[in-house]
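Structure record follows, encoded as structure tokens.
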Amino acid sequence: MTDANHGILTSSSYLEMVNNNLINFTLPSKNISSVINASSFHGGDISQNIINGSLSASGISLNNSSSNKLICNNIYTSREGMNIFYNSDNLIIKGNTLSASKDLIIRSVIGPQLQHGNEFIGGNAEGN
């Protein structure tokens, strides 16, 4: 996968699921920007994935993706655990374990996330 930009890419999809994957990125890559990338992904479910990433890639990235569930993902040693880009509204982010340089970066209005049991091991989150 030396020329790929993502480990798993889903785009222009509705009600799709990306579940139960074990993904190991052991070598740094200049090409891979995110392990799981969802663009124009609506009403979907990204759950129960284990990502052992590299510091050159984000674990899960969403862009223009609304009304999705990100539940029970374990993301370790990535540049960003979850990167929520613009126009990714109304998300449920629940029960995830994030241990990255930056655990969570949000650049969208995601909706209330009260008491959802996410664990931020890296300890850094950022919202714009």
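Just one of the listed residues (53, 44) is touching a residue at least 40 places away in the same chain (Cβ under 8 Å) and crowded, with 19+ Cβ neighbours inside 10 Å, namely 53. Being in contact with a Cys (Cβ under 9 Å, 6 or more places away or on another chain), closer than 19 Å to residue 8 by Cβ and without any contact (Cβ under 8 Å) to a residue 60 or more places away in the chain, is that true of even one residue in the range 74-93? No, the range 74-93 contains no residue that is in contact with a Cys (Cβ under 9 Å, 6 or more places away or on another chain), closer than 19 Å to residue 8 by Cβ and without any contact (Cβ under 8 Å) to a residue 60 or more places away in the chain.
What number goes with the only condition from (1) under 18 Å from residue 24 (Cβ atoms); (2) out of contact with any strand residue (DSSP E or B) (no Cβ under 9 Å at 6 or more places or on another chain); (3) not aliphatic (A, V, I, L, M) that residue 73 does not pass? The number of the failed condition is (2). Taken residue by residue, the range 24-38 has at least one member that is over 17 Å from residue 102 (Cα atoms) and of a type in the set (Gly, Ala, Ser). Looking only at residues in the range 60-94 that are more than 19 Å from residue 128 (Cα to Cα) and small (Gly, Ala, Ser), the one that is surrounded by the most Cβ atoms within 10 Å (Cβ to Cβ) is 78.
A short reminder: the numbers here are calculations on the coordinates, not readings from a lab. Treat the numbers as computed from the prediction; the structure is a model and nothing was measured. Ideal geometry is used to build each Cβ from the backbone, glycine not excepted, and the neighbour counts take in all protein chains shown.
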